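The values are calculated or read from the model by the stated rules, or taken from the named source; none is laboratory data. Everything quoted here is computed from the prediction, not taken from an experiment. Neighbour counts are summed over all protein chains in view; Cβ atoms, including those assigned to glycine, are modelled from backbone coordinates with ideal geometry. When the accessible area is computed, the model is the full protein with side chains, heavy atoms only, and any ligands, DNA or RNA have been set aside. Shrake-Rupley method; radii C 1.70, N 1.55, O 1.52, S 1.80 Å.
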Amino acid sequence: MSKPLILVTNDDGITAPGLRALVRYMKEIGDVVVVAPDSPQSGKGHAITLDIALYSKKMKIDLENGANEEYSCSGTPADCVKMALQELLERKPDICVSGINHGSNSSINVIYSGTMSAAIEAGIEGVPAIGFSLCDYSWNADFEPAGESIKKLVREALANGIPPGVVLNVNIPKLEAKDFKGIKICRQARANWKEKFDKRTNPMGKDYYWLTGEFELLDKGEDTDEWALANGYISVVPTQFDLTAHHAIQNINNWNLNA
């Protein structure tokens, strides 16, 4: 039997240590093709490139542990997946894995995440997809403790399938492998960012701003991704890209809109 074809992408860039670790893990499962940004694209969400040309370059980052094929792309994470599916791959992949992101994409962070947007773009195109993130923002983060859990999740997804219209958002606490309590299926915690801008002035007298903020957890539930991560579990949130608020339809139908 032929090996599964695995598309690997991310938002930290094609040379990011998290992506290189994910490539190594996926090579144990199937044939791996990487299509990833040529530079960091964190926080780009589901942006796509419309106003400038896109470029793609075939590369080989790691001769010993690299993928079967690798391509850098000048665009966003969503661009990378579009280009992979429409131009670069000879057939539809069996699964798309995005990451491993340097930093959390739990709770409200999923809205801004380029890592998850790449996975969602694959899901929109009917490709089973998982986004992986480690709760460690360091460029030198240790991804090895998560390796076996990541491989298990991908093997189970390949064996059982992911429901149509669903993409998995997986976040991994910064722990040693022996300290993981397990994998927990969760809902997204209700939270937001209390944001502000750090205003400064450059030597020419022109004002500029840095966005800063504090994460506010508004959810005390023990079935959320934030609770799972705080208590030593790998969180898995089934995420959908149908943004319809179905529970609100009846309420808004009661508005006097067609009188």
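Numbers at a glance
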{"item": "Among (1) closer than 30 Å to Leu243 by Cα; (2) not in a loop (DSSP other than H, G, I, E, B) - the single one Ala21 does not satisfy", "result": "(1)"}
{"item": "Filter result for Lys3 (surrounded by fewer than 16 Cβ atoms within 10 Å (Cβ to Cβ), modelled with pLDDT of 95 or more, basic (Lys, Arg) and assigned to a loop (DSSP other than H, G, I, E, B))", "result": "no"}
{"item": "When residues of the stretch 173-204 are limited to those that are of a type in the set (A, V, I, L, M) and in contact with a Ser or Thr (Cβ under 7 Å, 6 or more places away or on another chain), the one farthest from Ile6 (Cα to Cα)", "result": "Ala191"}
{"item": "Any hit, the stretch 73-80, residues being surrounded by fewer than 21 Cβ atoms within 10 Å (Cβ to Cβ) and over 18 Å from Val237 (Cα atoms)", "result": "yes"}
{"item": "Among (1) closer than 26 Å to Asn160 by Cα; (2) out of contact with any Asp or Glu (no Cβ under 8 Å at 6 or more places or on another chain); (3) crowded, with 18+ Cβ neighbours inside 10 Å, the one test that Asn101 misses", "result": "(2)"}
{"item": "Filtered residue count, the stretch 104-129, keeping only those that are β-branched (Val, Ile, Thr), surrounded by fewer than 24 Cβ atoms within 10 Å (Cβ to Cβ) and within 19 Å of Ala157 (Cα to Cα)", "result": "2"}
{"item": "Strands (runs of 3 or more DSSP E) within the stretch 158-226 that include 1 or more residues among the charged types (D, E, K, R) and over 24 Å from Gly18 (Cα atoms)", "result": "191-201, 207-217"}
{"item": "Candidate set from the stretch 205-259 (those that are open to solvent by less than 40 Å² (accessible area, probe 1.4 Å) and among the aliphatic types (A, V, I, L, M)); member that is farthest from the chain's Cα centre (by Cα)", "result": "Ala248"}
{"item": "Residue count, the stretch 144-166 (criterion: farther than 21 Å from Glu125 by Cβ and open to solvent by less than 30 Å² (accessible area, probe 1.4 Å))", "result": "6"}
{"item": "Scan of the stretch 172-202 for residues that are closer than 22 Å to Tyr233 by Cα, among the hydrophobic types (A, V, I, L, M, F, W, C) and either open to solvent by 50 Å² or more (accessible area, probe 1.4 Å) or free of Cβ contacts under 8 Å to residues at least 60 places away in the same chain (or both), ordered by number", "result": "Leu175, Ala177, Phe180, Ile183, Ile185, Cys186"}
